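Novice: There's a structure below that I have some questions on.
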Amino acid sequence: MSITSFIDNNYIYIRNFIKKDYEALAEDIKKEKDELSCYVEKDELLVGYKIVRNNPISELYGFDCYVVRFYFSNVTTLYNKEQRELYEELLKRLKEEMENSAGYYNLRIPTHMVDMIKALNTVLKETIFCGGTVEEFIYNKRVEDNNKNQLDIFEAGQKYIVRNKDILLNMTYDSFASYQGQYHISDVTQYQAGKIYENWIKNSLNGATKDKIIVAEYEEKPIGFVTIDEDDFAVEGILSAVSGEKRRLGAYKAMISYIINYAYSKGKAFITSTQFDNFIVQGTWNSLGLRPFYSVYNVHLDCRNKG
């Protein structure tokens, strides 16, 4: 039976995934178990979760919204009766905690943990299934620049962002007008879902985050951008938008290629994520050599009238 561990943090998990060695991760989770909101432990197995208030979304909707992320040490992805019982105990405690703390909860369920999914179906009966998210990566590979139309691609400074902010914002609104994310799927949050992404990109463009912004220009005008963040091991692609009128110029693929090669030049992985059904974007990534390293189901639970 293959033993593994899991943490819902792409910057940490990618290090272990690339090495195919989860022993250090298992030990780190056990050492930091007291920082979790709750955990259940038996012999070498440990399963737990951490609840964090999602402040931007809470402010947007006017009620408390939370994200629940899971941590598993020395588990198996295959069915195991004892393990499933441990997951069920964990989710019973989570259910009790959610019912005693009114709010709207987003549970990020790892798709490769069969017993966790079985336990979810047993313990939580009133969930709202909101699709899923896939994380992909490429490491230690340089790719072709794919800049077929000689676009100017560069990291934009704050002065450039201020000067072109209206163009970039309008590009974002157009790009996300037909986007359907997890908050669009839930009937509870659908009415404000578009604002989530608008506010997200506004914060990036206003310098409220530490994100860097990679821009593609054509004839000295911005036609696309990708925001990125990074740590000492990986560069993450976060948000992107491309002018609908200029899509034929291949700006998105050229920018992703640029970022992959930027990460490669620093000896880092490139990681990024999207909804399961965003097939066009995943097709571009796959053509550049990216592949999945984990995914989650987004399961919401409305506990606002409880507590």
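Novice: For the chain, find the longest principal axis of its Cα atoms and tell me its angle to the long axis of helix 81-100, 0 to 90°, nearest 10.
Specialist: Roughly 80 degrees, rounded to the nearest 10.
Novice: Still on this structure, I have one more. By how many degrees, between 0 and 90 and to the nearest 10, does the Cα long axis of helix 114-123 differ from the longest principal axis of the chain?
Specialist: It is inclined by approximately 70 degrees.
Novice: Moving on to the next point. Per the helix-only calculation at 222 nm, which mean residue ellipticity applies to the chain, given -39500 (n - 2.57) for every DSSP H run of n ≥ 4 and division by its residues, nearest 500 deg cm²/dmol?
Specialist: That comes out to -11500 deg cm²/dmol.
Novice: Ok, one more. Under a cut-off of 17 Å between alpha-carbon atoms, report the lysines in cross-link reach of LYS81, not counting same-chain residues fewer than 8 places apart.
Specialist: LYS42, LYS92, LYS118
Novice: Oh, and also: What residues of region 35-69 lie in the reach of a label at LYS92, counting those whose backbone N is under 15 Å from a point 7 Å from the Cα along Cα→Cβ?
Specialist: Of the residues in region 35-69, 39-42 have backbone N under 15 Å from the label point off LYS92.
Novice: Same structure, new question: Straight-line reach from LYS253: which lysines have a Cα under 17 Å away, not including same-chain ones fewer than 8 places off?
Specialist: Within the straight-line cut-off, LYS253 pairs with LYS141, LYS148.
Novice: ASP229 to SER2: FRET efficiency via 1/(1 + (r/R0)^6), r the Cβ-Cβ distance, R0 30 Å, to the nearest 0.05?
Specialist: 0.40
Novice: Please give the contour-minus-distance gain from ASN55 to ARG142: 0.36 nm per residue of separation, less the Cα-Cα distance, rounded to one decimal in nm.
Specialist: 27.5 nm
Novice: If the only charges are +1 at each Lys and Arg Cβ and -1 at each Asp and Glu Cβ, what is the size of the charge dipole of the chain around the Cα centre, to the nearest 20 debye?
Specialist: 520 debye
Novice: To the nearest 0.05, how large is the calculated FRET efficiency for LYS81 and ILE280 if R₀ is 45 Å and r is the Cβ-Cβ distance?
Specialist: Efficiency for this residue pair is about 0.60.
Novice: Suppose each label sits 7 Å from its Cα in the direction of the beta carbon; what would the GLU32-LYS159 distance come out to in nanometres?
Specialist: Distance between label points: 4.0 nm.
Novice: What FRET efficiency would be calculated for the residue pair VAL114, GLU44, taking the C-beta separation as r and a Förster radius of 25 Å, to the nearest 0.05?
Specialist: 0.85
Novice: List every residue whose amide H lies under 5 Å from the amide H of THR274, counting only residues 5 or more places away in sequence or on a different chain, with H placed 1.01 Å from N in the peptide plane.
Specialist: Excluding prolines and chain starts, which carry no amide H, the hits are VAL134.
Novice: Would region 128-260 count as rounded, prolate or oblate if I go by the C-alpha gyration tensor, calling it rounded below 1.5 in a/c and otherwise prolate when a/b exceeds b/c, oblate otherwise?
Specialist: In terms of gyration-tensor shape, prolate.
Novice: Against the longest alpha carbon principal axis of the chain, how many degrees, from 0 to 90 and to the nearest 10, is the axis of helix 10-19 turned?
Specialist: 80 degrees
Novice: Can you list the lysines whose alpha carbon sits under 23 Å from that of LYS210, skipping same-chain ones fewer than 8 residues off?
Specialist: Cross-link targets: LYS159, LYS165, LYS195, LYS202, LYS266, LYS268.
Novice: Right, next: Which of the listed residues, PHE176, SER204, SER243, is farthest toward the dipole's positive end in region 152-288, when Lys, Arg count +1 and Asp, Glu count -1 at the beta-carbon?
Specialist: Among PHE176, SER204, SER243, the one farthest towards the positive end of the dipole of region 152-288 is SER243.
Just so you know, all these numbers are worked out from the coordinates, no wet-lab data involved. Worth saying up front: this structure is predicted, and the values here are computed from it rather than measured. FYI the Cβ positions are ideal-geometry reconstructions off the backbone, even for glycines, and counts take in every protein chain you see.
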